[in-house]
Amino acid sequence: MDQRPDAAPGLPDELFPRFAFEGAPVGLACLSGPDGRILAANPALAALLGTDPGALAGRRLAELDHPQGPGTGHGLAGEVWWRRADGSAVRVRLRTGPERDGYRIVAAEAVADGTAAARAEQTHLALASAGLGEWSWNPADGRVTLSDRAAAILGYPARATPTWRDLQDAVGRDDLDRVRATVQDAVAKAIPYAVEMRFRRAGDGQEAWISARGQATLSPDGMLAGMVGVLQDVTAREEARRALHDREQRLRVATTVAALGIFEWHVLDDQSLWENERMWEIFGRRPQDGTISMREFFRTVVHPEDKVSFRRAVAQALHGDGVLHATTRIRRPEGDGGETWRTIEMAGRFERDGPAGLPRRLIGVVADITDRRLAEERQSLLIRELHHRVKNTLATVQAIVGSTARTASSIDSFYEAFVGRIMSLAHTHSVLTEDVWQTASLHSLLENELRPYADGEMRPGTGGRVELDGPAVDLPSEIAVPIGMAIHELTTNAAKYGALSNRAGRVRIRWSVEPGADRPRLRFHWQESGGPAVAPPTRQGFGSRLLQRVLTTQVQAEVATDYAPGGLALTMLAPLPARNAALNPLAAL
């Protein structure tokens, strides 16, 4: 390239005259290329760095950086630390001119020591006021220099210089591998890092949570020259965070055990947020289906008969203290494509923008109380059933007392008949109480009464004295008591006067269930044989009245009695009441 005689060596003459370049009181460098290599340097710049101008030619400007710190400059402007020829550091302020034909002039001016010290002190004060302590690590001796604030945070005395290993040994065992991996990765990528860790303080051995930030400094040849950074004691913040997390976990456990769904409804944009899985279960939805807005809730989910009362509850909460309590039925889709109505209870509170502001959101919980409502209804029904049963039982006892007294010939005969009938009544009630369906097995009632007279098994075809032949039939409570009493009277009569009064007599009971016009019917047949000759009774006792009247009125049964000489025969055809599902405590399972 042609140059004028007054141009500096290596300096394009169209950029700067030689006399102006070399005589400038500030350091000047002409840079070229994308990597900012020095094409020419003036004597002032060489003096600033303690070297000759020729020694700077061909070097990149970035190679002048000192590992003491990156300074405050960005690119080719601002303040930076440069390394002098003797290894010392000098702080300079850079200014860069416009680029012309791929070249640019950079001016470098030393920053007065007072200014740098003042700014450094300001930096220290600012960091300390923010609770930050400074540190730097020198790989030559492995020691870490701590500011007074940093030393206090770590439990060291002022001006302490612990080794890097000392600090690592104080890091929590569960955190050390994570911290080491983070730092190594940041150094390899030449990027800053930030870590939080548990640290055992040097002075008192107390555990603290430390937040540390740092960045590696590299030499001109790219080798690790040190590390600088800041640290902060975040124990209070971490304890608060953990306390909040523990409260959230306790709340989540409590709502999970109580099967409560947690939600938020943002009033202005009509958007809802479901906080836990129970909300999705209650409404029969999946996360991919999305939540339900209040508008959709009123329009398609709430039972039509409950919409007015639910709107009234919301209005009362909005115009009152903001507390919402509401119960309603909701439509819930099921997995088979169908749907069911479930009863939910909702409780929450509206948050407002100020004491008199508009409601902003509703935070609350939802509980599915369908099973509880069914249980309450079943309990009410059981109480009514109990009242009815006690009333019928007392009426039966009264009838037993009166009829037994009228037919008894002595106190002993009265006692024997009365006790037997009461025991039969008690057994029937015991069987009903033990069964979840409040039913009694017909086979069990027969077996209980006839077992004392059987000479072996009572199964059909065994040749025993008593034979029971029929399918399993459970008698509902409303007919189990009168049928149980009838079985007792038939057994008592057979033992006193009929087939069970001698050793040759036999009793065969057969029953079956056959369809009826509106409900199944029980066909029951009692047949005696081998006993004394039978004749029709001359007067009607309690047993006869029970068989004819009670079975007819309470059971709506058709009863036919045959007093044939060869043995008494009784046939009963009784409709079986339908089971009441509400009486089954397992119905909701």
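Inside segment 194-209, can you point out the residues that are at pLDDT 85 or above, among the small types (Gly, Ala, Ser) and surrounded by fewer than 16 Cβ atoms within 10 Å (Cβ to Cβ)? Across segment 194-209, the qualifying residues are Ala194, Gly205. Out of the residues in segment 553-568 that are within 13 Å of Ala486 (Cβ to Cβ) and not hydrophobic (A, V, I, L, M, F, W, C), state the one that is farthest from the chain's Cα centre (by Cα). Going through the qualifying residues, I end up with Thr561. Residues that are within 22 Å of Phe350 (Cα to Cα) number at least 1 in the following strands (runs of 3 or more DSSP E) confined to segment 218-324: 260-266, 271-274.
The single condition from (1) within 29 Å of Pro139 (Cα to Cα); (2) at pLDDT below 85 that Thr51 fails is (2). Could you say whether any residue in segment 369-379 is more than 23 Å from the chain's Cα centre (by Cα) and either modelled with pLDDT of 85 or more or surrounded by 17 or more Cβ atoms within 10 Å (Cβ to Cβ) (or both)? Among the residues of segment 369-379, at least one is more than 23 Å from the chain's Cα centre (by Cα) and either modelled with pLDDT of 85 or more or surrounded by 17 or more Cβ atoms within 10 Å (Cβ to Cβ) (or both), which makes the answer yes.
Each row is one residue, and each column tells you yes or no for (1) touching a residue at least 40 places away in the same chain (Cβ under 8 Å); (2) within 18 Å of Val234 (Cβ to Cβ); (3) of a type in the set (A, V, I, L, M).
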{"residue": "Leu146", "(1), (2), (3)": "no, yes, yes"}
{"residue": "Ala150", "(1), (2), (3)": "yes, yes, yes"}
{"residue": "Leu167", "(1), (2), (3)": "no, yes, yes"}
{"residue": "Val179", "(1), (2), (3)": "no, yes, yes"}
{"residue": "Ala190", "(1), (2), (3)": "no, no, yes"}
{"residue": "Arg201", "(1), (2), (3)": "yes, yes, no"}
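Just one of the numbered conditions (1) in contact with a Phe, Trp or Tyr (Cβ under 8 Å, 6 or more places away or on another chain); (2) of a type outside the set (A, V, I, L, M, F, W, C); (3) in a loop (DSSP other than H, G, I, E, B) is not true of Thr491: (3). Regarding segment 502-512, can at least one residue be identified that is within 18 Å of Thr571 (Cα to Cα), at pLDDT below 90 and out of contact with any Cys (no Cβ under 6 Å at 6 or more places or on another chain)? Within segment 502-512 (the criterion being within 18 Å of Thr571 (Cα to Cα), at pLDDT below 90 and out of contact with any Cys (no Cβ under 6 Å at 6 or more places or on another chain)), the answer is no, since none of the residues qualifies. Does segment 31-54 hold any residues that are under 23 Å from Pro98 (Cα atoms) and small (Gly, Ala, Ser), and which are they? Hits for segment 31-54 are Ser32, Gly33, Gly36, Ala40, Ala41, Ala44, Ala46.
Being touching a Ser or Thr at 6+ places or on another chain (Cβ under 8 Å) and surrounded by 16 or more Cβ atoms within 10 Å (Cβ to Cβ) is not true of Ala212. The set of residues from segment 313-339 being free of Cβ contacts under 8 Å to residues at least 24 places away in the same chain and over 27 Å from Gly284 (Cβ atoms) comprises Ala315, Gln316, His319, Gly320, Asp321.
Looking only at segment 483-490, decide whether some residue is crowded, with 17+ Cβ neighbours inside 10 Å, in contact with a strand residue (DSSP E or B) (Cβ under 8 Å, 6 or more places away or on another chain) and more than 19 Å from Glu558 (Cα to Cα). No, because not a single residue in segment 483-490 is crowded, with 17+ Cβ neighbours inside 10 Å, in contact with a strand residue (DSSP E or B) (Cβ under 8 Å, 6 or more places away or on another chain) and more than 19 Å from Glu558 (Cα to Cα).
Does Ala62 satisfy the criteria of being within 19 Å of Ala225 (Cβ to Cβ), modelled with pLDDT under 85 and part of a helix (DSSP H, G or I)? Spelling it out, Ala62 is indeed within 19 Å of Ala225 (Cβ to Cβ), modelled with pLDDT under 85 and part of a helix (DSSP H, G or I). If only residues of segment 219-269 that are of a type in the set (Asp, Glu) and modelled with pLDDT of 85 or more are counted, the one that is surrounded by the most Cβ atoms within 10 Å (Cβ to Cβ) is Asp233.
Among the residues examined, Val195 does not qualify as part of a helix (DSSP H, G or I) and not acidic (Asp, Glu).
Among the residues of segment 25-49, which ones are free of Cβ contacts under 8 Å to residues at least 40 places away in the same chain and either part of a helix (DSSP H, G or I) or farther than 24 Å from Met223 by Cα (or both)? Let's see the steps before the verdict.
Quick first cut of segment 25-49, residues free of Cβ contacts under 8 Å to residues at least 40 places away in the same chain only: 25, 34-35, 37-38, 40-44, 46-47.
Within segment 25-49, Pro25, Ala40, Ala41, Asn42, Pro43, Ala44, Ala46, Ala47 meet the criteria.
The values are calculated or read from the model by the stated rules, or taken from the named source; none is laboratory data. Just so it is clear, the structure is predicted and the values come from calculations on it, not from any experiment. Cβ sites come from the backbone with ideal geometry, for glycine too, and all protein chains shown count toward neighbours.
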